[in-house]
Amino acid sequence: MASGITSSTSITGTSAAATADTKSIAGNFTQFLTLLTTQLKNQNPLDPLDTNQFTQQLVQFAGVEQQLKTNASLDTILTNSKAASASSASGLIGRTITADGASTDLADGKATWTLTPERAAAKAVVTIKSSDGTVVATKTTTLKAGAQSFEWDGTSTSGLSAKDGRYTITVDALDTTGARVTVDTKVSGKVDGVDLSGSEPVLTIGTARVPASSVKTLAAPSS
């Protein structure tokens, strides 16, 4: 499968709206100062102009202008952050990762998950479903404490070989007393693409999509 960024988005910083607002407030501020200066020059010395209202407006203008500058600065920071995140995620293409998740691909008769029960399970029923939610296979096993690999060879409950594609597992586990055991599931695979169209990068491993934030381990690049 060809590696590459599956889709991209243009990351822009300062919004056009903020820029327009800045220009607008700058123009209004200039007009305000011109009007104030003119009225001060032409005021009646015996009846001085009350500048309290103008002073209040001046403070308001200054506050709005400062807020717009702050928004522009935040936009710049956000732009830089998104660019750094995109660059970092793109660097994962070709690397093998392990991430939180229950869905992975069956390819060439092999699909693998990492199961980590909170404690040893005397009985664990692993249900494997296809992408449309159909139960394809059910396996009963035991789980020791700690992380361990669970591999499925693609054989369905009917004894036929399932088609390659995306499959999801659920695990119902019980300990020796019959109490339920929570089982954490993770998936591993080589990243072949990065989708940057959303709020955070999403890594693609075959047909599986893994949010970059869910990545737990990263294997050293192969030499």
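Readers should treat all values here as calculations from the given coordinates under stated rules, not as data from a laboratory. Everything numeric here is computed off the predicted structure, so don't read it as measured data. Ideal geometry is used to build each Cβ from the backbone, glycine not excepted, and the neighbour counts take in all protein chains shown.
Using r as the Cβ-Cβ distance of Ala120 and Ser213, and R0 as 30 Å, what FRET efficiency do you calculate, to the nearest 0.05? Don't skip to the end; give the middle numbers.
Working: r = 30 Å, r/R0 = 1.00.
Once the sixth-power term is evaluated, E becomes 0.50.
Is any residue of segment 111-125 close enough, with backbone N under 19 Å, to a label point placed 7 angstrom from the Cα of Thr142 along the Cα-Cβ axis, and if so, which?
115-125
Hey, got the dipole for segment 96-218? About the Cα centre, +1 on K and R Cβ, -1 on D and E Cβ, debye to the nearest 20? Let's see the in-between values first.
Numbers: 13 positive and 14 negative charges, 59 e Å.
Charge dipole of segment 96-218: 280 debye, to the nearest 20.
What's the FRET efficiency of Thr170 with Ser197 using the Cβ-Cβ distance as r and R₀ = 35 Å, to the nearest 0.05?
On the way: r = 29 Å, r/R0 = 0.83.
Step by step, r from the Cβ atoms, then E = 0.75.
How large is ³J(HN,Hα) for each residue in segment 126-138, as worked out from phi by the Karplus curve 6.51 cos²θ - 1.76 cosθ + 1.60 (θ = phi - 60°), to whole Hz, x for Gly and Pro?
Karplus-based 3J(HN,Hα) across segment 126-138 equals 9, 9, 10, 10, 7, 5, 8, x, 6, 6, 9, 8, 9 Hz.
Could you state the principal axis extents of the C-alpha atoms in segment 90-182, from the largest down, to the nearest angstrom?
Per principal axis, max minus min of the Cα coordinates gives 44, 38, 19 Å.
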